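For reference, the structure discussed in these notes is given below.
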Amino acid sequence: MRSRFAVIIAVAQTILFSGHWFIYRTWVHFSGAPGPHTGLKIAFALLSVSFLAGWLLADYSTGIFTRVFYIFSVVWLGMLSFNLMAAVACWVALGAVKALGLPVSTQAIAYTFFGLALAAGLYGIMNAAWTRVTRVSVTLPNLPESWRGRVAALVSDTHLGHVRGEGFLRRIVSTLNLLEPDVVFITGDMFDGQKADLAGLALLWSDLTAPLGSYFIAGNHDGFTGHARHIAAIENSGVRVLNNEKVELDGMQILGVHYHDSVDPRRFKSILQAAEVDRDRASILLTHAPQGLRISEEEGISLQLAGHTHGGQIFPFTWIVSRVWGPFAYGLKRLGNLLVYTSSGAGTWGPPMRVGTIPEIVLIQFE
């Protein structure tokens, strides 16, 4: 296990180093600055190891130094993505300029594309800090009369930890209380999977005032090696944890399946079958990822709520995620008799940036 982890770290660091080397060589070539560039080389070498160093540090410690270093490292990781695209664009533009014989200097090309990379990063940080409210209406067959006109809030992927902490969650809970949903569904990745004050952060949910309560299922980041500590912290906050089970909520069937139990189709199917869903009544299933949809539809689920994808969070990963998850990467979609809503999430993983997506709280009104 340790040797496999070491290989993964070595491969990741090699990729990071290669990316930094490419950006460095591109900048030196296009800027025309005279050598030997010793300071720039040292800076890029240190930046290339910052993310993995910050990630490992954040796994084992807390405190102001850890948080500052980790935030710096993940912000730079996001900037690295944009700078890689800028570097590629420089070479493409140079080829076009030479082919067309245009009087454009290499410095102008570099300043243009690397300037756009910086602007994209700054925009991404501001965009990720502004949580929107997305409103959708759903019509479910056999909806209980008591649920007509009711509103459920969907919150996913808060990723509480070194980047998003107490202040962020207080704003989420305050916003929910202002929106006054009848019930709140939390579909996993409440925590970021690193060392954090689980009990202190989870306790902030106790300020929630939803009349029908709040319900949670664990995501892949809520304890990579086991959910026990995370679930205990959440239960102590008053949030109801659905441990692969079904509960009745004023006539509505509410089911929840943890991430690690939903990725195996056979396990997922057996859990839903054991829940004995009444197909003649409406039901809501909470899963972390929009997976097992055909199984959910076959077992008579009316509405499946999920997150996990972040919508790709940052371009060009938005494009990759849309190819992986298809139409269910984000938003309200239908598969046969099953409605699916996949949230882009309220928080962020890694870089606290969003370009091409928005952070959201979803309000679902039942018609």
Return the label of the correct value of Rg and Dmax of the Cα atoms in Å, as calculated from the structure shown, out of (1) 23.1, 75; (2) 20.1, 60; (3) 20.7, 81. (1)
In degrees rounded to 10, the 0-90 angle between helix 265-275 Cα long axis and the longest Cα principal axis of the chain is 30 degrees
Per the helix-only calculation at 222 nm, which mean residue ellipticity applies to the chain, given -39500 (n - 2.57) for every DSSP H run of n ≥ 4 and division by its residues, nearest 500 deg cm²/dmol? -15500 deg cm²/dmol
0 to 90° range, to nearest 10: angle between helix 38-60 axis and the chain longest Cα axis: 20 degrees
GNM top mover of THR175, THR62, THR14 - the chain, alpha-carbon springs below 10 Å: THR14
Pairwise label distance in nanometres, VAL68 with ALA45, each label 7 Å out on the Cα-Cβ vector: 2.5 nm
To the nearest 20 debye, what is the magnitude of the charge dipole of the chain about its Cα centre, counting +1 on the Cβ of each Lys and Arg and -1 on the Cβ of each Asp and Glu? 1340 debye
Work through the residues other than ALA274 whose Cβ is under 13 Å from its Cβ and net out their charges, Lys, Arg +1 and Asp, Glu -1. 0
Top of ALA53, ALA289, ALA12 by mean-square fluctuation, Gaussian network on the chain, Cα under 10 Å: ALA12
Run down the lysines and flag those whose C-alpha is under 22 Å from the C-alpha of LYS333, throwing out any fewer than 8 positions away in its chain. LYS269
Helix 64-100 against the longest principal axis of the chain: what's the angle in degrees, Cα atoms only, rounded to the nearest 10? 60 degrees
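No value in this document is a laboratory result; all are computed from the given coordinates. Since the structure is predicted, the reported quantities are computational estimates derived from the model, not experimental observations. Ideal geometry is used to build each Cβ from the backbone, glycine not excepted, and the neighbour counts take in all protein chains shown.
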